[in-house]
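The structure appears right after this line, and notes come after that.
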Amino acid sequence: MGGSTCTGGELADGFSTDTSQSFSTTADRAAAVYLVLRTGTIYHDRCTVSAQYYVRSASGRPQVLRSGLGVSMTVSHDTSAASVSVEHGALERAGMVGATSGGLHTTHSSALTCTVSEMVSTSTITIDGTVNVAAQIDDEQGGAVTEGQLTVQKREVVGIYAYVGNAELFNTACLSGVNVSTAVTVQRVYNQAGASDGTVVDAMCSVNESWARVVAVHESCEVHAAAGHTEGGSGIIIGVEAEEDGATHSTAVEMSVWFPQDVKVEAADHELGHIGSSSSGNGTCDQRLFQGTQLYAEASFGGIGMNATRDLDVTALMTFAADDPSVVEVDGCSVRGMRTGSAVVHGMSGDGATQLAFASGASISVVDAEVLVTRLSAVLVTGAVFEELESPVALDMAAEVQGNVTLLQELQSEGASGVIFVYAAFEDGTWQELKRADNVTVEVQPEYASSLTVVETTSGNADFQGLVPSGGESAVSHDVLLPTWRHPCSGEVIAIGTGTVNVSLAEPVSVVVSSKYTRMTREEDAASASPISLPTSSALTVEVTYDDGTTKDFTADGRTEYAVTTGAGLVQVVDATAGAISEATGFGLVTIVVSGGAVMASSITHSTSWGSGDTFGGVVNTTKTLGIKMVFGDGTMFTDLVSGTQSSWVGASELAVFASDAPDRVGVSTGGVAELRLNHYAAVSLSSWMGGGGTSSRRQH
C-alpha cells in the first residue's frame, strides 16, 4: 500500500494512451460547524493509479502538496459544506500498469487509503482522537472501509449485430436495366454499458451458393439484384463476420428478393383509326394521321416460398418496341399508327436489345375507319393528393389496397405555376394525350393574358407550363387556355379546344417597411468612427401581408417605390438602402414610405462559363451555379439572378423557372444550380424563362 516500487512491464495489447477515463476521490468535512481546519493525506498505489494533483473545492482556498507516495491536502473554511476532491490519473493508464500484475481485468484491493492528520477546533486546539485517524472510504465494496478498491477493465468488443437497409428487395433490373442494391450495416457491441455501439467498416458478408440465381452479395456487404438473376426468394440468410479485438465475431441477417414472374403489356386502345379531316389536301403532303394511344405494363412479383403479388404497375420501368415499326411508332409509353396493318408491342430488356421472354405483348391494329375529334381539352395541374387510408395498418407485400388521388389546381399567389396536359377525345369513346411533337400549341385567350402566361418546357412529363405573372387580375375562372391541334405536315387545323383555369390570388391587406438601424450619421461625421461607430446606411425591408395570412418580401420587387417624406435632405434611398447624404447638414427624424408600382421582366439571358469547349466537366454530382441576367421593363436589371446581392431578398425560383432537356444527365434545381449526373454524347440544353414569357437557352456538353 503506497510503499512498493513499480517496475516496467509489457503493456497489454489494445490499451492506448490517446483515450483516457478518470475517477475522483472526494474528502468531505464533518458536519460539526466548529471545525474550520483539517489536514490529511490520501495515499495511492503507484502500481495502480497516477495522481494528477488537481484540486477542486466548492469554496475556500485548498492547497495540495506532494509528499512521497501521498498527496497532502489542507483546507481552511468556515462552513460545513466545503469539500475537496483529488482527481487521479486516467483509468486507461491505471489499467496499463495494473495489467502487468493481473491481466486485462484486474481488481486492486488497496489502491487508495486516507489518513486524517488532525482535526482542530475554532480555537486551534487539537481534538483528542483525531490525530492520524484512518478515514472512511465509500467505494464499490460497500459499507465503511479504510482501503479503497479499484477495478480496471479494458473496453472490449463482445459481439456484433447487423441489419439490412431494405429487407424486401424488388429485382426490377431486368425491366429497367438498373441494378437494385441495398447495404448491410454492421455494429459492434462493447462490454461497457456506457459505450455507444460502433460501426464496423471492414466486415465481410457472404451468401450460400444456393441463392446464386437470386442475389449477389459482395464481401463489402453490398447486396445486389441484377438483370442476370432469374429468380426471387424469401428467407435468404446473409452471413456476416468481423475481426474485432483479436476475435472473430459472426451474425446473420435475413431478407427477401421479389422477382418479376409475369409481365403483361397492354394498350389503352387496340384499334387505331384514321382521324377525320386530317388529310393535308394541298397536294404537297399526303401523310395520313392515325390515332395514338398509351401503353402500360403490369407485373406479378414472387419467388421461392413467396405468395406472388399481382398487377403491379411497372410502366415507368419498361422499354417498349413494335415488331413492325412501319405500322406503329413507339415513343416512350405512347404509340401511334403510321399505316394500316397490325403490329405487336413487346416489353424489352433494360438495354432495349432483346424481348423479355416472360412478357406478353399488346396487339394493335391500324384501320382505315374514320374517327372524328369530339373534344380537345387542356388541363392545368398544380399538384396531386393521395387519400389516406381510414385506418392505416401494416400490409403484407402481396396485399391489395385501393388508392385514390385528387388532382389539384391551386393558383393563389403571383409566381404560382402548374403543368399543362392536352387530351383529344374521339367519337369512338377513346382519348389520346397530345404532345408538342404532335404539332399541338397552347395559348392564353387574349383577354386573360394578364392573368396567366404559358411557356414551353424542355423537361418533365408535360410540354407546357402555366405561370401567374406579377400584377395580373386577382380572380379569374374561365376558359383561359386555347389548345390547337394542327396536321404535322400541312399545318391544317384538326381541332381547337379550351381549358378552364381558376386564378384566385390572395389580397394584400398591409405593408410594413422596416430599417435595419434606427440611427445613422454621415461618413464624415466623427460619430461614424470608433468607439461610437454609428452606421452611415441602413438596409430596408418591405413585407406585404395578405388576407390568407401569408406574407411576401417585396424589398427587391420592381413594383416597390421608396419615397422620403420627412427629412428628404438628410437621406436618400438607393437599391432598398437608406444612406445619409454627405453634403447634408443638421440632423432630424426621417420618414420613408413605400408604394407599389408595376414593372414586368422583359428579357432573360444566360452567361454561364462552362470551361474549355463549353463542356461541363467534373465528377458525378459536381454543381455549377448558372449565370442569369434578368432585365425589367423600366430598365433595371439583376445581373446575377441566382447568387447576386438581391438573392437574399428574392430567390431566383420566384422570378424564373429552369429546366433541362436531359435531367438524368445534367439536372438543374429550381434555384438555378446545374448538377452533373451522367455522361452524355450530345449537347444538353438548359432553359430558363420568366413570368413575362421570355425564354433563354444555353447548350452545354
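Rule-based calculations on the coordinates, nothing more; no lab input. Computed from a predicted structure; not experimentally measured. FYI the Cβ positions are ideal-geometry reconstructions off the backbone, even for glycines, and counts take in every protein chain you see.
Here are a few things to note about the model shown:
- For Gln141, the residues whose amide H sits under 5 Å from its own are Gln149, ignoring neighbours fewer than 5 places away on the same chain, with H placed 1.01 Å from N.
- Available extension along the chain between Glu370 and Thr126 is 75.6 nm, counting 0.36 nm per residue and deducting the alpha carbon span.
- R0 of 35 Å, Cβ-Cβ distance Ala384-Ala353: FRET efficiency to nearest 0.05: 0.50
- For His108, the amide hydrogen comes within under 5 Å of the amide hydrogens of Leu150, Thr151, Val152, counting only partners 5 or more places away or on other chains and with H modelled in the peptide plane.
- Candidates per GluC sites (Glu not before Pro) in the range 173-241, loop by DSSP, up to 11 other Cβ within 10 Å: Glu219
- Ranked Trp258, Trp431, criterion: other C-beta atoms within 10 Å, fewest first: Trp431, Trp258
- Distance between modelled label sites at Ser533 and Ala568, nm, 7 Å Cα→Cβ extension: 3.6 nm
- Cross-link reach list, lysines versus Lys516, counting only Cα pairs under 19 Å and skipping chain neighbours closer than eight places: Lys552
- Spin-label pair Arg339-Ala683: with each label point 7 Å from Cα along the Cα-Cβ axis, the two points sit 3.5 nm from one another.
- The Kirkwood hydrodynamic radius of the range 508-596, based on inverse pair distances between different Cα atoms, is 14.0 Å.
- Cross-link partners of Lys264 among lysines (Cα-Cα below 26 Å; sequence separation of 8 or more within a chain): Lys435
- Tensor-based shape of the range 156-371 (alpha-carbon gyration tensor, a/c under 1.5 rounded, otherwise prolate or oblate): prolate
- Here the residues Phe554, Phe320, Phe386, Phe426, ranked from fewest to most Cβ neighbours within 10 Å of their Cβ, fall in the order Phe386, Phe426, Phe554, Phe320.
- Coupling constants for the range 166-183 follow from the phi torsions by the Karplus curve (6.51 cos²θ - 1.76 cosθ + 1.60, θ = phi - 60°), and in residue order they are 9, 7, 10, 9, 9, 7, 9, 4, 5, 8, 9, x, 10, 4, 9, 9, 8, 10 Hz; glycine and proline get x.
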